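Report on the structure given below.
The values are calculated or read from the model by the stated rules, or taken from the named source; none is laboratory data. Just so you know, these numbers come straight off a predicted model, no measurement behind them. Here the Cβ positions follow ideal geometry from the backbone for every residue, glycine too, while neighbour counts run over all protein chains shown.
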Amino acid sequence: MKSKLVAMALATAVVSLMTVGGANAAEVLRLGHIRDTNYPTHLGALKFAEIVKAESGGQLEVKVYPNSQLGGAKEMFVQMQTGDLEMVYGGINTFAWIKGGEAFEITAIPFLYRDYDHMKGVLDSDIFAPIIAKAEDATGIKVVAISGDTAPRGLSANREVNTAADFKGLKIRTAASPTVLRAMQTLGALPQQIPFSDLYLALKTGVVDAQENGAAVVESASLYEVQKYYMKTDYIRDIETFYMSMDKWNALTGEQQAIISKAAEEAGAYETQLLDELMAGVYGRLGSQMTIVYPDLDSIRQALNGAFDDFEGEKWPAGLIAKITAFQ
């Protein structure tokens, strides 16, 4: 009888411990992004995970999956929509790549945004508040925070590009953005979509002979090993953005949502600081590996004049370009 009572007591203790452990177990949020582990995006994501864990007292844990481990931007958006992924840290440009986010094509218009502060100010303003709300409702994806600078896009290639005419026939890997595609097609280039994780090999083997990421990406991904020239156009800006599955967002408590939002802004500011430090020396370092070219930007702007007029009132609200240009 005594041994039976001891056994029952042990069983009760085990069940109790399992219950307590389950109650205290951290909720894991998986976060994917496409950048290398030495790039500010990844370090910003790690900072986000650190802040969330600390502020939630360990109740929330963020696991970061870099370098397209969970797929490209479009694939990860779909995973958030299906509930197979909780979070993504990626450019606001990419939100336009899925149905319901088309208005964000305007974030990829060449030469539209003066700098990071201008772009972030516009996106955080009342101008974009209804656009964001509509896109969230249509996509089922929450825009948690638009925070974290990216290197303005330029062009690397195996031939020098100085004027708009030099784009003709250029096989270039671009983002899967109708705006970017339109820009390259207008300039006479031959845009192609290749996953970022495959870009180095595609450049090395001649599948494409150019690409249009910024200088910091060219350096971090060692693209200077397979490209001869970097053209400093700074023609498109982007901002890293924390996205979350709307179902997961709604399942969080108000306190947890506040923690996530605050951590995202802080992590984005940290990422911006890291990018500023990186950019301070990137052109000097790249200059020892490649030839840095400063193209005739006026000729490129003139060639693109009117290229996006038919998107007004279709992909984004009519008059939005004028509001962005006038924003101070």
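List the residue pairs whose Cβ atoms are under 6 Å apart, where the first residue sits in region 30-44 and is under 14 Å from Thr150 (Cβ atoms) and small (Gly, Ala, Ser), the second is at pLDDT 95 or above and assigned to a helix (DSSP H, G or I), and the two are 6 or more positions apart or on different chains.
Gly44/Ala267; Gly44/Tyr270; Gly44/Glu271
Considering Asp247, Asp238, Asp234, which residue is on the phi > 0 side of the Ramachandran plot and of a type in the set (Asp, Glu)?
Details: Asp247 fails: on the phi > 0 side of the Ramachandran plot; Asp238 fails: on the phi > 0 side of the Ramachandran plot.
That would be Asp234, the only listed residue that is on the phi > 0 side of the Ramachandran plot and of a type in the set (Asp, Glu).
If I ask for residues that are crowded, with 22+ Cβ neighbours inside 10 Å and among the aromatic types (Phe, Trp, Tyr), which ones from region 161-199 would you list?
Phe167
Please work out which residue is modelled with the lowest pLDDT, limiting yourself to region 71-101 and to residues that are hydrophobic (A, V, I, L, M, F, W, C) and not in a helix (DSSP H, G or I). Full working, then the answer.
First pass over region 71-101, keeping only residues hydrophobic (A, V, I, L, M, F, W, C): 73, 76-78, 80, 85, 87-88, 92, 95-98.
Checking the rest, the ones that are also not in a helix (DSSP H, G or I) come to 85, 87-88, 98.
Working: Leu85: 98, Met87: 98, Val88: 98, Ile98: 95.
That would be Ile98.
Considering only residues of region 256-283 that are more than 19 Å from the chain's Cα centre (by Cα) and within 13 Å of Ser56 (Cβ to Cβ), which is surrounded by the fewest Cβ atoms within 10 Å (Cβ to Cβ)?
Only one residue fits best here, namely Ala258.
Evaluate the following for Ala318: is it assigned to a loop (DSSP other than H, G, I, E, B) and either surrounded by 18 or more Cβ atoms within 10 Å (Cβ to Cβ) or not hydroxyl-bearing (Ser, Thr, Tyr) (or both)?
Numbers: assigned to a loop (DSSP other than H, G, I, E, B): yes; either surrounded by 18 or more Cβ atoms within 10 Å (Cβ to Cβ) or not hydroxyl-bearing (Ser, Thr, Tyr) (or both): yes.
When the stated conditions are applied, Ala318 passes them.
Tell me, which helices (runs of 4 or more DSSP H) lie completely within region 235-315 with 2 or more residues that are of a type outside the set (A, V, I, L, M) and within 30 Å of Glu50 (Cβ to Cβ)? Talk me through it step by step, then tell me what you get.
Details: elements: 246-251, 254-287, 297-304.
The helices (runs of 4 or more DSSP H) meeting that bar are 246-251, 254-287.
Given the conditions (1) touching a strand residue (DSSP E or B) at 6+ places or on another chain (Cβ under 9 Å); (2) on the phi > 0 side of the Ramachandran plot, which single one is not true for Gly313?
Going through (1) touching a strand residue (DSSP E or B) at 6+ places or on another chain (Cβ under 9 Å); (2) on the phi > 0 side of the Ramachandran plot one by one, Gly313 breaks only (1).
With a cut-off of at least 3 residues that are small (Gly, Ala, Ser), name the strands (runs of 3 or more DSSP E) lying wholly within region 125-178.
Counting at least 3 such residues, we get 141-149, 153-157.
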